[in-house]
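What follows is a short report on a single structure.
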There are 2 protein chains.
Amino acid sequence: MIRLALNTATTRRQWDLREAIEGCQRHGFTAIAPWRDQVEALGVGNTARSIRDAGLEVTGYCRGGMFPAATATLRKAAIHDNQRMISQAAEIGAPVLVLVCGGLVEGSRDLAGARQMVEDGIASIMDEARSAGVRLAIEPLHPMQAADRSCINTLDQALALCDRLDPDTSGLVGVAIDAYHLWWDPQLETQLQRAGSNRLMGFHLCDWLVPTRHLVTDRGMMGDGVIDLPGMADSMRRAGYDGTAEVEIFSDHWWSRPADEVMKVCRQRAAPILDHLHHPS
Amino acid sequence: MIRLALNTATTRRQWDLREAIEGCQRHGFTAIAPWRDQVEALGVGNTARSIRDAGLEVTGYCRGGMFPAATATLRKAAIHDNQRMISQAAEIGAPVLVLVCGGLVEGSRDLAGARQMVEDGIASIMDEARSAGVRLAIEPLHPMQAADRSCINTLDQALALCDRLDPDTSGLVGVAIDAYHLWWDPQLETQLQRAGSNRLMGFHLCDWLVPTRHLVTDRGMMGDGVIDLPGMADSMRRAGYDGTAEVEIFSDHWWSRPADEVMKVCRQRAAPILDHLHHPS
C-alpha cells in the first residue's frame, strides 16, 4: 500500500470508474479522486458504495467551478450546478470539492470581471458547502490556462481570495496545490507557508516536460520532466500538509498506454516523493 | 507615420534585415527592433548605417541573456557574449539590450539556482552597459517558458531583481513589458506602477489566442485574441511609459503570409492601442 490517490483523469481513456477503483486496489493505492462524468455514469449511490467497499479514501471530487458566464441566468445555473456537486461530494465521501474556477467569459477580455464572478460564485456556495461538510479547494491553474480554464493563476491570488471569503480561516475554503500549475512561481515556498495546514487541501503530482507539445494534454509522468517534486513535497510538509498526494496526468501519451502499466509507473515514481511528503529526512 | 516599431521576429521568415528596414519605411513605422542573427548577417556597421539612413529609431536589440549554464566556463562565455551584444547595441544605436534571461540548466531541476545565475550574469555586465550607454531590459517571460527560455516569469520578480541590482534606480536596469507574457498577472497593474517610467524600457504587442496551439509560435495578431491591449496601454501610460510600442509576433500563421500584408494589418490593429498609450482619453 502506498498513501497515494489516483485522480481518474489519469486513466480516463482506458478505465471507467469501476475499473479505476479496482485498479487502485490491485496496485495498492489508498485513495481516489473521481471526476463527475464517471461518477454520474456509474451513479452517485453506486460510486459511494463501490469506493467504500474497496476501502479507499476519497481525496477530492473533480471538479466544481466554471463560474464566469455572460448572463446572470447562466451564472446562477453555474452556482446551482456547483451546489449539486457539493451534495454529490458529500454522498461519495469526498471531503473536498476541487474548484477549477473558469476563465474569461466567451467573447470578453475582462479578466478582472471574470475574477470577480469567481469570487461571487464561491461566496454563493459556501453555505451549502458548510452544511454538507464539504470543503472548497480553489485550484490555481497555470497562467497559460487563464483565458479558457481558470482566471485564478497564482497561489498568492488564490489565498487572497480565501482571505476575503473566509477571513477567520475556518477551513471551509482553501487551495489544491498542483505541481504542474505552480512549480514555476518564485513565491511558491512563501505562499505555501502562508497557506498553512488549514488551507492546504490537496497535492497533485505530475511533471512539466521539455518541450511541452500541447497546453492541456502533454503533462509528464513524475521524474520525466523538470519539476523538483521532492523539494515541493518538502515544502508542503513544512507548511503543514499531511494529506494524501494524488497523481493527475493529462497526457495523450499515457492515455495510450495500458492502464495497469500507468499505475505501476505512477506508484514507482511517486514513492520517493511521498517519502519527502510524509517523513522529514 | 505611426509611432510603432517592427520587432523583426515578426517577419523573420519573409524578410532579411534590409528588407525589414525598407518595409518599416514603406509602411510608415518609425522604429525597429532587430535580432542579432539578422544584424550579423547584414554586418553591424551596415546595419547601423542602414537604420540611420532610413531615419528609424531603434527600440531595442534582441536579445541578450541566456545566463544559466552548467559550468563556470560556459557561464563566463555567456557573459562575454552579452558584453559583445552591448557593444553591438551601442553601434547600431539601440538604447536598450533586451534580456531573455535563460531557463534551467539542461538536465537540472534547480530553478532557484538558475535564477541566481541570471542575477549574477546581469550583475557581471552592468559596467559594460553603463560605459556603452546601453540600458538592460529584463523581459519577464510567460511561466510556460520557465524551463527552457527564461526563469524570470513575473514583473514582480523582475523588479525585485532590478531593486537588488540597481538599488538607486539609476535607469541602467529595467524591464521590457510584453503583453503576451504578462497579461494574465493579477498584479500587473500594481507592478507597472511600481516599475515607473525609469524602469519601463519597452512595450511589446501581440495577442493571446484561444486556443493556443503551440507554446512558442502561435502568438496572435493584436485584436485576434483575448488580451485587453488598450487597457494595458492605459496602464503603461499611467505608469509613466512614453516610449514607442513594438509589434513582436512569433506565429507560424503570420510567417506564412506576405510580409507587406503583415505590416499593413499590424499598423491597422496597433493604431487604436497607440492612441491609448500616447493620449489620455
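In table form, for the structure just shown:
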quantity	calculated
Percent of alpha-carbon pairs separated by more than 32 Å within chain A	18 percent
Separation between Cα centres of the stretch A:105-147 and the stretch B:200-270, rounded to whole Å	29 Å
Length-normalised contact order for the stretch A:229-281 - Cα pairs under 8 Å, 6+ apart - percent	74 percent
Mean residue ellipticity (222 nm) of chain B, computed from DSSP H runs ≥ 4 via -39,500 (n - 2.57), nearest 500	-14500 deg cm²/dmol
Chain B: DSSP helices with Cα axial extent of at least 24 Å and average Kyte-Doolittle hydropathy no lower than -1.0	B:72-92, B:111-132, B:259-278
Computed Rg/Rh of the stretch B:19-61, alpha carbon atoms with Kirkwood Rh	0.92
The protein assembly as shown: C-alpha pair distances exceeding 31 Å, %	50 percent
Ordering of A:83-92, B:179-188, A:41-50 by packing [mean C-beta count within 10 Å, highest first]	B:179-188, A:83-92, A:41-50
Nm distances between copies for A:D127, ranked from closest, using label points 7 Å along Cα→Cβ	6.9
Solvent-accessible heavy-atom area per residue, rounded to whole Å², over the stretch B:122-183 at 1.4 Å	26 Å²
Sequence-separation-based contact order of the stretch A:175-254, relative, with Cα cut under 8 Å and 6+ spacing, percent	38 percent
B:F250 long-range amide H proximity, modeled H, under 5 Å	B:R219
Peptides A:5-11, B:146-152 ordered by average Cβ neighbours within 10 Å, highest first	A:5-11, B:146-152
For B:143-150, mean number of other protein chain Cβ atoms within 10 Å	6
Estimated dipole of chain A in Debye, rounded to 20 [Cβ of Lys and Arg +1, of Asp and Glu -1, Cα centre]	260 debye
The stretch B:8-64-the stretch A:169-192 distance, computed between alpha-carbon centres (Å)	44 Å
Dipole magnitude of the stretch A:157-262 about its Cα centre (Cβ charges: Lys, Arg +1; Asp, Glu -1), debye to nearest 20	240 debye
Selection from A:A94, A:S170, A:L274 lying farthest towards where the dipole of chain A points positive, charges on Cβ	A:A94
Across the identical copies, how the A:S87 labels are spaced - nm, sorted shortest first, 7 Å along Cα→Cβ	7.6
Over chain A, relative contact order from alpha-carbon pairs under 8 Å, at least 6 apart, %	19 percent
Amide N of the stretch B:197-237 lying under 19 Å from the label point, which is placed 7 angstrom from the Cα of B:D275 along Cα→Cβ	B:205-206, B:222-225, B:227-237
7 Å along Cα→Cβ, label-point gaps from B:G55 to other copies, nm, shortest first	8.4
Kirkwood hydrodynamic radius over Cα pairs of the stretch A:166-281, then Stokes diffusion coefficient at 25 °C and 0.890 mPa s, in µm²/s	166 µm²/s
About the Cα centre, charge dipole magnitude for the stretch B:68-133 (Lys/Arg +1, Asp/Glu -1 at Cβ), debye	80 debye
Selection from A:A5, A:V39, A:H80 lying farthest towards where the dipole of the stretch A:1-102 points positive, charges on Cβ	A:H80
Buried solvent-accessible surface, both chains (B, A), 1.4 Å probe, Å² to nearest 100	2300 Å²
Shielding by partners, peptide B:201-208 (average Cβ within 10 angstrom, other chains)	1
Theoretical FRET efficiency, 1/(1+(r/R0)^6), r = Cβ-Cβ of B:A72 and B:R257, R0 35 Å, to 0.05	0.20
Exercise: per-residue mean of other protein chain Cβ atoms within 10 Å, A:22-32	0
Reachable aspartates and glutamates, given that their alpha-carbon falls under 20 Å from the alpha-carbon of A:K76 and they are not under 8 places away in the same chain	A:E106, A:D110, A:E119, A:D120, A:D127, A:E128, A:D148
Highest to lowest packing among A:245-251, A:72-78, scored as the average C-beta count within 10 Å	A:245-251, A:72-78
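The values are calculated or read from the model by the stated rules, or taken from the named source; none is laboratory data. These numbers come from a predicted model, not from an experiment. Counting neighbours? That spans all protein chains shown, and the Cβs are built from the backbone with ideal geometry, glycine included. Accessible surface areas use protein heavy atoms only, side chains included; no ligands, DNA or RNA. Shrake-Rupley method; radii C 1.70, N 1.55, O 1.52, S 1.80 Å.
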